[in-house]
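Participant: Here you go, one structure.
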Amino acid sequence: MQQLTMIRTILSVFLLATATLRAGAPVYVALWFDTEDYIEPAADDAALRIARDLTGLGVRATFKVVGEKARVLEQRGRWDVVRALALHDIGYHSNFHSVQPTPALYLRDLGYVEGAAEFERREGPGALDLARIFGVRPSCYGQPGNSWAPQSNAALRHMGIPVYLDEGSQVGLNDQPFWYGGLLYIYNMGRFQLRAPLDGDEPVAKSNERFERAAAELTSHGGGVISIYYHPTEFVTTEFWDAVNFAHGANPERTAWRRPRRRTEAESERCYGILHDYVAHAKGVPGVRFVTARELLQLYGSPAPAPAERARIATHMSARQTFLATEDGTLSAADMLLSLLGMQPELVDGPAMRIASSLAGASLARAAFERAKTDAVSFIRANKRLPAAIWIGAEKLSIGDFAATLAGDDEAAAEIVVRRANLEFEKYFSNEPRKAFDWPIHPEGFSAPELLELGKLQGWTLKPARLR
Ligand SMILES: [Zn+2]
């Protein structure tokens with residue numbers, strides 16, 4: 001009996017020690033709610049209930065609000081909802097969400113620069129409405145459904161929205177946050193994107209177990225982020241508010257909008273209970289801290305590149321154009337290209353289009369190459385963007401071939417060997433233009449290879465985000 005007590009004591013000391021160790025590497029949980037249903041008024045109450053429940057638990061979440069939803073709350077006089085949400089973090093979830101045309105649809109045929117302007121023209125006013133109604137500039141943006149487009153990155157920076165928080169498969173990096181287009185992306189989180197399902201028969205214990213496993217894995221790797229999301233409307237309806245109105249490109253007039261089918265009150269209570277218990281359990285897991293999008297930006301800092309020796313950058317970039325992770329942090333391919341050109345670090349976009357090399361020779365003269373470098377610097381300074389190609393007289397070197405050649409140059413030889421690009425960062429992008437944009441609201445069979453191509457071109461800016 002005494003032995004058993006001793007074993008128990010040893011065991012509990014051991015467990016305590018493990019817990020203390022685990023608490024060392026933080027697991028940050030981003031809990032976010034796409035607050036979008038402006039058709040069913042019960043969704044207002046759902047947002048209120050969730051916001052208050054979480055406040056009661058001492059947890060702050062991120063409510064990504066649709067512009068029209070915010071305006072509807074204002075029109076309905078739901079200041080109780082606005083105030084309850086404002087105690088959490090406010091993000092942005094597009095101006096009208098599912099009214100046609102949605103972002104991927106209207107951006108598919110546009111280039112990078114004009115697409116960014118069009119995104120801001122259409123989505124900018126909703127972000128301003130959020131600022132007016134909630135009294136705070138949204139901390140983050142995430143696209144409606146799968147309606148992602150890379151042009152939004154430049155527009156969001158211009159709108160002062162620094163974080164991209166959503167789920168999707170177009171781009172992703174090791175199931176953890178990354179820098180892309182100058183924004184902190186919490187996206188494509190794979191095994192670290194979790195939830196306790198509201199429907200089906202998974203016992204909450206199983207959801208909790210999955211959370212604990214994910215947290216333990218992150219802890220053993222020095223910490224990281226778990227992403228959990230819901231929609232307030234899910235708690236009060238059995239079908240999505242937009243699917244019943246805007247499916248497959250449909251765009252009925254406002255007077256013809258239908259309200260989604262409702263859950264019973266008892267069903268809603270059951271759902272609130274699942275969320276409450278799941279969050280309460282997660283909060284108690286050692287090392288876990290709930291954070292908002294705004295706090296994540298503080299935790300990850302800025303996209304400024306880590307310092308690195310020229311020789312190290314040159315060796316890396318001459319063989320492959322992709323990000324570099326060092327002891328001090330990470331550098332994107334664009335960061336390293338600027339460094340090789342002798343430029344100060346600055347935020348730039350990737351090229352706006354793909355241009356192939358026309359220069360056929362195996363080498364080029366020093367003077368011509370130095371002129372090309374000066375021209376590249378001038379273009380980047382003027383446009384805050386990488387050029388698609390660099391002129392060598394009347395011939396062109398693609399930006400990738402130019403970067404590889406520049407990295408391979410010893411800065412002394414009279415003749416510089418032309419190296420060909422190996423754009424390794426492209427492997428972090430989807431090659432499935434239909435699946436990546438699969439969303440019931442998009443027109444039937446919608447496919448956007450143009451957006452994936454443009455997204456890959458912006459892969460020059462891609463790099464893992466490191467906790468400070
Ligand atoms: Zn949504």
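Participant: Which of the numbered conditions does Ser227 fail, given that it passes all the others? Conditions: (1) outside any loop (DSSP other than H, G, I, E, B); (2) away from the ligand (no atom under 14 Å from the Cβ); (3) over 20 Å from Thr62 (Cβ atoms).
Facilitator: Every listed condition holds for Ser227 apart from (3).
Participant: In this structure, does Ile390 turn out to be part of a loop (DSSP other than H, G, I, E, B), surrounded by 21 or more Cβ atoms within 10 Å (Cβ to Cβ), not basic (Lys, Arg) and not assigned by TED's automatic domain parsing to the domain that holds Val171?
Facilitator: Values: part of a loop (DSSP other than H, G, I, E, B): no; surrounded by 21 or more Cβ atoms within 10 Å (Cβ to Cβ): yes; not basic (Lys, Arg): yes; not assigned by TED's automatic domain parsing to the domain that holds Val171: yes.
Spelling it out, it is not the case that Ile390 is part of a loop (DSSP other than H, G, I, E, B), surrounded by 21 or more Cβ atoms within 10 Å (Cβ to Cβ), not basic (Lys, Arg) and not assigned by TED's automatic domain parsing to the domain that holds Val171.
Participant: Also, quick follow-up: Here are Val65, Val113: which of them is farther than 16 Å from Ser152 by Cβ and not acidic (Asp, Glu)?
Facilitator: On the way: Val113 fails: farther than 16 Å from Ser152 by Cβ.
Val65 is the lone residue from the list that is farther than 16 Å from Ser152 by Cβ and not acidic (Asp, Glu).
Participant: I'd like to check something: does segment 146-158 contain any residue that is surrounded by fewer than 24 Cβ atoms within 10 Å (Cβ to Cβ) and within 16 Å of the ligand (Cβ to nearest atom)?
Facilitator: yes
Participant: Follow-up question, since we're still on this one. Output the residue which, of all residues in segment 95-132 that are of a type in the set (S, T, N, Q) and farther than 30 Å from Ala388 by Cα, is farthest from the ligand (Cβ to nearest atom). It would help to see each step written out before you state the result.
Facilitator: First, the residues of segment 95-132 that are of a type in the set (S, T, N, Q): 95, 98, 100, 102.
Now restrict to residues that are farther than 30 Å from Ala388 by Cα: 95, 98, 100.
Numbers: Asn95: 12, Ser98: 8, Gln100: 15 Å.
The qualifying residue farthest from the ligand (Cβ to nearest atom) is Gln100.
Yes or no, residue by residue, for (1) away from the ligand (no atom under 16 Å from the Cβ); (2) in the same structural domain as Ala47 (by TED's automatic domain parsing); (3) farther than 30 Å from Glu444 by Cβ; (4) surrounded by 21 or more Cβ atoms within 10 Å (Cβ to Cβ):
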site	(1), (2), (3), (4)
Val204	yes, yes, yes, no
Leu218	yes, yes, yes, yes
His221	yes, yes, yes, no
Phe235	no, yes, no, yes
Arg261	yes, yes, no, no
Thr264	yes, yes, yes, no
Arg270	yes, yes, yes, no
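Participant: Does segment 83-93 hold any residues that are assigned to a loop (DSSP other than H, G, I, E, B) and buried (at least 16 other Cβ atoms within 10 Å of the Cβ), and which are they? Before the answer, list the steps.
Facilitator: Restricting attention to segment 83-93, the residues satisfying the condition of being assigned to a loop (DSSP other than H, G, I, E, B) are 87-88, 93.
Those that are assigned to a loop (DSSP other than H, G, I, E, B) and buried (at least 16 other Cβ atoms within 10 Å of the Cβ): His88, His93.
Participant: Let me ask something else about it. Being at pLDDT 95 or above, under 21 Å from the mean Cα position of the chain (by Cα) and either of a type in the set (A, V, I, L, M) or not assigned by TED's automatic domain parsing to the domain that holds Phe96 (or both) is the requirement here; does Leu452 meet it? Quick ask: steps written out before the conclusion?
Facilitator: Values: at pLDDT 95 or above: yes; under 21 Å from the mean Cα position of the chain (by Cα): yes; either of a type in the set (A, V, I, L, M) or not assigned by TED's automatic domain parsing to the domain that holds Phe96 (or both): yes.
It is true that Leu452 is at pLDDT 95 or above, under 21 Å from the mean Cα position of the chain (by Cα) and either of a type in the set (A, V, I, L, M) or not assigned by TED's automatic domain parsing to the domain that holds Phe96 (or both).
Participant: Name every residue in segment 396-453 that is within 25 Å of Asp335 (Cα to Cα), among the acidic types (Asp, Glu) and assigned to a loop (DSSP other than H, G, I, E, B), in order of residue number.
Facilitator: Correct list: Asp409, Asp410, Glu411.
Participant: Counting only residues that are among the β-branched types (Val, Ile, Thr) and within 14 Å of the ligand (Cβ to nearest atom), which one in segment 46-72 is farthest from Lys283 (Cα to Cα)? If you could, list the steps in order and put the result at the bottom.
Facilitator: Of all residues in segment 46-72, those among the β-branched types (Val, Ile, Thr) come to 50, 55, 59, 62, 65-66, 72.
Among the residues that remain, those that are also within 14 Å of the ligand (Cβ to nearest atom) are: 62, 65-66.
Numbers: Thr62: 16, Val65: 24, Val66: 28 Å.
Once the filter is applied, the top-ranked residue is Val66.
Participant: Just a yes or no: is a residue in segment 63-79 polar (S, T, N, Q), more than 20 Å from Arg294 (Cβ to Cβ) and out of contact with any strand residue (DSSP E or B) (no Cβ under 7 Å at 6 or more places or on another chain)? First the steps, then the outcome.
Facilitator: Filtering segment 63-79 down to residues polar (S, T, N, Q) leaves 75.
Pick out the ones that are also more than 20 Å from Arg294 (Cβ to Cβ) and you get 75.
Then keep just the ones that are out of contact with any strand residue (DSSP E or B) (no Cβ under 7 Å at 6 or more places or on another chain); that gives 75.
Scanning segment 63-79 turns up at least one residue that is polar (S, T, N, Q), more than 20 Å from Arg294 (Cβ to Cβ) and out of contact with any strand residue (DSSP E or B) (no Cβ under 7 Å at 6 or more places or on another chain).
To keep it simple, each residue is scored yes or no on (1) of a type outside the set (A, V, I, L, M); (2) at pLDDT 95 or above; (3) closer than 18 Å to His158 by Cβ; (4) touching a strand residue (DSSP E or B) at 6+ places or on another chain (Cβ under 7 Å).
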{"site": "Gln100", "(1), (2), (3), (4)": "yes, yes, no, no"}
{"site": "Leu105", "(1), (2), (3), (4)": "no, yes, no, no"}
{"site": "Glu118", "(1), (2), (3), (4)": "yes, yes, yes, no"}
{"site": "Glu123", "(1), (2), (3), (4)": "yes, yes, yes, no"}
{"site": "Phe134", "(1), (2), (3), (4)": "yes, yes, no, yes"}
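Participant: So which residues in segment 241-259 are touching a helix residue (DSSP H, G or I) at 6+ places or on another chain (Cβ under 9 Å) and surrounded by 21 or more Cβ atoms within 10 Å (Cβ to Cβ)? Spell out how you get there, then give the answer.
Facilitator: Here is the first cut: in segment 241-259, the ones touching a helix residue (DSSP H, G or I) at 6+ places or on another chain (Cβ under 9 Å) are 241, 245, 249, 251-252, 256-259.
Result: Trp241, single match.
Participant: When you go through Asp45, Asp53, Asp80 one by one, which is the residue that is in a helix (DSSP H, G or I), in contact with a His (Cβ under 6 Å, 6 or more places away or on another chain) and farther than 27 Å from Asp349 by Cα?
Facilitator: Working: Asp45 fails: in contact with a His (Cβ under 6 Å, 6 or more places away or on another chain); Asp80 fails: in contact with a His (Cβ under 6 Å, 6 or more places away or on another chain).
Being in a helix (DSSP H, G or I), in contact with a His (Cβ under 6 Å, 6 or more places away or on another chain) and farther than 27 Å from Asp349 by Cα holds for just one of Asp45, Asp53, Asp80, which is Asp53.
The values are calculated or read from the model by the stated rules, or taken from the named source; none is laboratory data. These figures come from a predicted structure and were not determined experimentally. Every residue, glycine as well, gets a Cβ built from its backbone with ideal geometry; the counts of neighbours run over all protein chains shown.
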